[in-house]
Amino acid sequence: MSGKRILVTGGSGFIGSALVTRLVRDGHDVRVFDDNSRGRPRRLAEIENDIEFIAGDIRDPQAVDAAIEGVDEVHHLAYVNGTEFFYSAPELVLEVGVKGIVNVLDGCKHRGVGTLILASSSEVYQTPPQIPTDERAPLIVPDPLNPRYSYGGGKIISELMAINYGRKFFERVLIFRPHNVYGPDMGFEHVIPQFALRMKKEAAQQARGAPILFPIQGSGEETRSFCHVDDLVEGVIRMREKGKHLGIYHIGTTEEISIADLASKVALACGQTIDLATGDTLPGSTLRRCPDISKLVKLGYKPRVALAEGLPPTVRWYWENAELAPQS
């Protein structure tokens with residue numbers, strides 16, 4: 001499957017740029033489509049001369065159609081991510097999600113592209129019925145009045161459209177559901193960078209050696225399974241090489257950690273100690289999340305970057321690049 005012409009929408013995003021870099025290094029001819037509203041060109045700096053970059057809005061059908069011309073396959077990752085946006089701009093999340101998948105599907109049909117890889121999310125489950133969670137768990141929107149579900153709802157729509165258009169118009173459609181992907185330069189709207197930057201700010205104001213009073217949402221007993229971006233990309237490649245048409249695959253790790261323990265590990269990476277102060281949980285938050293990855297493991301996937309290895313350089317990146325954070 002080498003030497004393909006591949007379009008990656010959202011290719012200057014965190015996951016998108018990591019995937020683009022891997023595809024280029026694997027010998028593919030890669031075109032990136034992004035408006036850089038949340039993507040960052042710096043993420044593609046090392047390969048900028050090896051890709052074609054098209055600036056455009058995924059909501060613009062003409063721009064998407066033109067970007068798809070001449071490619072063999074499309075990897076659709078353009079979306080609005082980050083928990084704070086689920087609550088502050090749910091209409092934008094849905095507009096980008098729904099118009100984006102419609103435009104990509106129409107463009108692929110028009111241009112005769114038979115292969116589509118879609119990035120979905122673990123958010124499609126909201127509160128999983130069992131842990132670890134496999135790909136057969138029901139996809140639900142528990143409360144349409146809760147803006148948080150704009151993200152998961154848009155991903156559910158995207159999956160349904162990709163699968164049902166895929167039956168008739170595509171030779172190969174593959175869907176991956178990432179679970180809590182992290183790494184340096186992942187954005188600033190996620191728990192690890194927020195913890196790291198808040199700890200940096202508090203450490204500067206705290207007496208030397210004194211524990212930092214560190215408030216968190218919830219009890220701290222909530223759990224997640226964090227997947228390093230390098231493992232995520234490896235999972236996409238395994239799926240692309242061996243996955244079945246209309247196949248859905250979890251990409252993540254089974255290493256589950258509580259949020260309280262995560263805060264302590266971030267503090268340790270910063271050379272700090274903390275006293276946790278628990279608080280209320282945002283409506284719609286999930287108590288536990290840990291994927292069953294056995295389906296992808298059968299294709300040869302094996303996560304290699306443990307949190308103990310991947311967390312310190314991620315935290316260090318945020319301490320060293322705190323000035324890049326959006327100013328409120």
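The values are calculated or read from the model by the stated rules, or taken from the named source; none is laboratory data. On a predicted model such as this, the values are computed, not experimentally measured, just so you know. We place every Cβ from the backbone using ideal geometry, glycine too, and count neighbours over all the protein chains shown.
When PHE195, PHE169, PHE214 are screened for being more than 22 Å from the chain's Cα centre (by Cα) and either buried (at least 20 other Cβ atoms within 10 Å of the Cβ) or at pLDDT below 95 (or both), only PHE214 passes.
Here's the yes/no breakdown for (1) basic (Lys, Arg); (2) out of contact with any helix residue (DSSP H, G or I) (no Cβ under 8 Å at 6 or more places or on another chain); (3) assigned to a loop (DSSP other than H, G, I, E, B):
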| site | (1), (2), (3) |
| --- | --- |
| ARG224 | yes, no, no |
| ASP275 | no, yes, no |
| ASP280 | no, yes, yes |
| PRO283 | no, yes, yes |
| ARG289 | yes, no, yes |
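One residue is enough: does the stretch 89-104 have a residue meeting the conditions touching a Leu at 6+ places or on another chain (Cβ under 9 Å) and under 19 Å from ILE157 (Cα atoms)? Checked against the condition, which is being touching a Leu at 6+ places or on another chain (Cβ under 9 Å) and under 19 Å from ILE157 (Cα atoms), the stretch 89-104 yields at least one hit.
PRO142: within 19 Å of the chain's Cα centre (by Cα), surrounded by fewer than 23 Cβ atoms within 10 Å (Cβ to Cβ) and within 27 Å of GLN194 (Cβ to Cβ), yes or no? Taking the combined requirement at face value, the residue does not satisfy it. Listed by first and then second residue, the pairs linking a residue in the stretch 167-190 that is closer than 14 Å to CYS227 by Cα to a residue that is part of a strand (DSSP E or B) and not hydrophobic (A, V, I, L, M, F, W, C), with Cβ atoms under 6 Å apart and 6 or more places separating them unless they lie on different chains, are PHE176/TYR249; ARG177/HIS250; HIS179/SER225; HIS179/PRO291; ASN180/ARG224; GLY183/HIS228. The residue that is farthest from VAL102 (Cα to Cα), counting only those in the stretch 3-59 that are in contact (Cβ under 8 Å) with a residue 24 or more places away in the chain and among the hydroxyl-bearing types (Ser, Thr, Tyr), is THR21. Taking the listed residues THR278, THR273, the one that is touching a Ser or Thr at 6+ places or on another chain (Cβ under 7 Å) and either touching a residue at least 12 places away in the same chain (Cβ under 8 Å) or of a type outside the set (Ser, Thr, Tyr) (or both) is THR278, with no other qualifying. Among the residues of the stretch 305-328, the one identified as in a loop (DSSP other than H, G, I, E, B), more than 24 Å from ASP231 (Cα to Cα) and hydrophobic (A, V, I, L, M, F, W, C) is ALA325. Just name the residue that is surrounded by the most Cβ atoms within 10 Å (Cβ to Cβ) out of those in the stretch 283-328 that are small (Gly, Ala, Ser) and over 30 Å from VAL141 (Cβ atoms). This residue is GLY310.
For every residue, the table says whether it meets (1) in contact with a Leu (Cβ under 6 Å, 6 or more places away or on another chain); (2) in the same structural domain as GLY310 (by TED's automatic domain parsing); (3) in contact (Cβ under 8 Å) with a residue 24 or more places away in the chain.
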residue: GLN205; (1), (2), (3): no, yes, no
residue: ILE212; (1), (2), (3): no, yes, yes
residue: PRO215; (1), (2), (3): no, yes, yes
residue: ASP230; (1), (2), (3): no, no, yes
residue: VAL233; (1), (2), (3): yes, no, yes
residue: ILE237; (1), (2), (3): no, no, yes
residue: ARG240; (1), (2), (3): no, no, yes
residue: GLY243; (1), (2), (3): yes, no, yes
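Of all residues in the stretch 248-258, count the ones that are of a type in the set (Val, Ile, Thr), within 21 Å of GLY310 (Cα to Cα) and outside any loop (DSSP other than H, G, I, E, B). Qualifying residue count, the stretch 248-258: 2.
Does GLU95 qualify as being under 21 Å from ALA63 (Cβ atoms), within 19 Å of the chain's Cα centre (by Cα) and of a type in the set (D, E, K, R)? Yes; evaluated as a whole, the condition is true for this residue. Within the stretch 129-144, residues that are free of Cβ contacts under 8 Å to residues at least 24 places away in the same chain sit with their Cβ atoms under 7 Å from residues that are aromatic (Phe, Trp, Tyr) and surrounded by 14 or more Cβ atoms within 10 Å (Cβ to Cβ), at 6+ positions apart or across chains, in these pairs: ALA137/TYR125; LEU139/TYR125; VAL141/TYR149. For the residues ALA277, ALA263, ALA267, the requirement of being of a type outside the set (S, T, N, Q), loosely packed, with under 15 Cβ neighbours inside 10 Å and over 30 Å from LEU116 (Cβ atoms) singles out ALA277.
Candidates in the stretch 279-304 are the residues that are touching a Pro at 6+ places or on another chain (Cβ under 8 Å) and of a type in the set (Val, Ile, Thr); of these, the one that is nearest to ARG224 (Cα to Cα) is THR286.
The single residue among HIS179, HIS190 that is within 26 Å of ALA18 (Cα to Cα), crowded, with 16+ Cβ neighbours inside 10 Å and in contact with a Pro (Cβ under 7 Å, 6 or more places away or on another chain) turns out to be HIS179. In the stretch 235-247, the condition of being part of a strand (DSSP E or B), of a type in the set (A, V, I, L, M) and either more than 20 Å from the chain's Cα centre (by Cα) or modelled with pLDDT of 95 or more (or both) is met by no residue.
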